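Quick note: the coordinates plus some simple rules give every number you see, no bench work behind them. Just so it is clear, the structure is predicted and the values come from calculations on it, not from any experiment. We place every Cβ from the backbone using ideal geometry, glycine too, and count neighbours over all the protein chains shown.
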Amino acid sequence: MMQRRQRVDNKKTVQQQFGGQQTIHGYATSTVHAHGQSLQRLACFIQPQPTWYVLDVATGAGHTAHLFAPRVSQVIATDITPGMLAKAAELAARLGLTNVQTRLADAESLPFDDNTFDLLTCRLAFHHFPQSQQVLAEFARVLKSGGTLGFTDNIVVPDKKAAAYYNAYERLRDPSHHWVYPLPRLRKMMAAAGLTVITIDQLSKEFEFHKWADRQNVSPANREKLLLLMRNIPAALKLLFAPRWEDDTMYFNLWEAVIIAQK
Ligand SMILES: C[S@@+](CC[C@H](N)C(=O)[O-])C[C@H]1O[C@@H](n2cnc3c(N)ncnc32)[C@H](O)[C@@H]1O
């Protein structure tokens, strides 16, 4: 009962965090989301077919859905935040993509039949899902046999203390953040869901601190705390974050994995 309540609260927090106009605009225009390297890598590793039926889970402003739409039959872009779906639909219309449909859906309980999709994409969202293993089971369920999963998310070093520090850092910026996993753990979770990993790639991306904080409306007090946490970063994370202070701001890196798997 308690766990169910926490899950419902987490979803309300996601909708609050992602439903504001500043945040929606931020994710629609952010360089990392609209033009990030992981989009190019997904496009390079996956060869979509014109007949494919595609599901993009937690689409945000729809960048991943829009990437594949011109090369497939149909894309269903789903998210739990209605305002994000409206932005994804608006951008699809602006791009002339008539084969993108949006649908409100929780990643933990997808409203689709078994064996429906040729390709399922989920980019930079897995860290929001408290029931992460259940989400992967849902991915496997709705994919056709032989179907492809195109997945990306931030990752952390396989060190419990470092992972806890990094996840606390992310949660201070965005209370709907759940957990970023190390790559070996993601592989194990995918295997447990019946998804066979075919390709793994990793990339590092740079953020300017205040733009990153603006996207989630972080208060001045929490910005101070985040900057302090970055100054005291544990050695196990220093290489990964590589923080540098310049012109009254701070720049840091995050590490993202691109994983292609097959059902
Ligand atoms: C960082 S944005 C996604 C970025 C997007 N996939 C892209 O490629 O640009 C994270 C999204 O996850 C959505 N989300 C969080 N929890 C969810 C859930 N349980 N089910 C569906 N969507 C969820 C949020 O509403 C938000 O739009």
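A few remarks follow.
- Paramagnetic reach from Lys188 in the range 137-162 [backbone N under 13 Å; point 7 Å along Cα→Cβ]: 158-160
- Simple label model, 7 Å out from Cα along Cβ direction - Asn253 to Ala86, nm: 3.9
- Each Cα pair under 8 Å and six or more residues apart adds its sequence gap; the mean of these over the residue count of the chain is a relative contact order of 19 percent.
- The length gained by stretching the chain between Ala34 and Ile200 to full extension, at 0.36 nm per residue less their Cα-Cα distance, is 57.6 nm.
- Of the cross-linked pairs Lys11/Lys238; Lys161/Lys188; Lys160/Lys205; Lys205/Lys225; Lys12/Lys263; Lys12/Lys188, those separated by over 25 Å at the C-alpha level are Lys11/Lys238; Lys12/Lys263; Lys12/Lys188.
- Local electrostatic count at Lys225 - Lys and Arg +1, Asp and Glu -1, tallied over other residues with Cβ under 15 Å: +1
- Tilt relative to the chain, helix 2-19 - C-alpha long axis, 0 to 90 degrees, to 10: 90
- Contact order, relative form, for the range 197-263: 62 percent (alpha carbon pairs under 8 Å, 6 or more residues apart, mean separation divided by residue count).
- Charged-residue dipole, Cβ positions (Lys, Arg, Asp, Glu), the chain about Cα centre, Debye nearest 20: 520
- A protection proxy built from the mean count of other Cβ atoms within 10 Å ranks the segments 55-68, 142-155, 233-246, most packed first, as 55-68, 142-155, 233-246.
- On Cα atoms only, tilt of 220-231 relative to the major axis of the chain in degrees: 80
- Near the amide H of Gly147, within less than 5 Å, lie the amide hydrogens of Lys263, all on another chain or at least 5 residues away, with H placed in the peptide plane.
- In terms of its C-alpha gyration tensor, the range 29-109 has a rounded overall shape, because the principal axis ratio a/c (a ≥ b ≥ c, square roots of the eigenvalues) stays below 1.5.
- Estimated purely from DSSP H runs of n ≥ 4, each contributing -39500 (n - 2.57), the mean residue ellipticity at 222 nm for the chain is -13500 deg cm²/dmol once divided by its residues.
- Over the range 47-160, relative contact order from alpha-carbon pairs under 8 Å, at least 6 apart, %: 26
- Rounded to 0.05, the FRET efficiency of the Arg223 and Gln15 pair, given R0 = 25 Å and the Cβ-Cβ distance, is 0.60.
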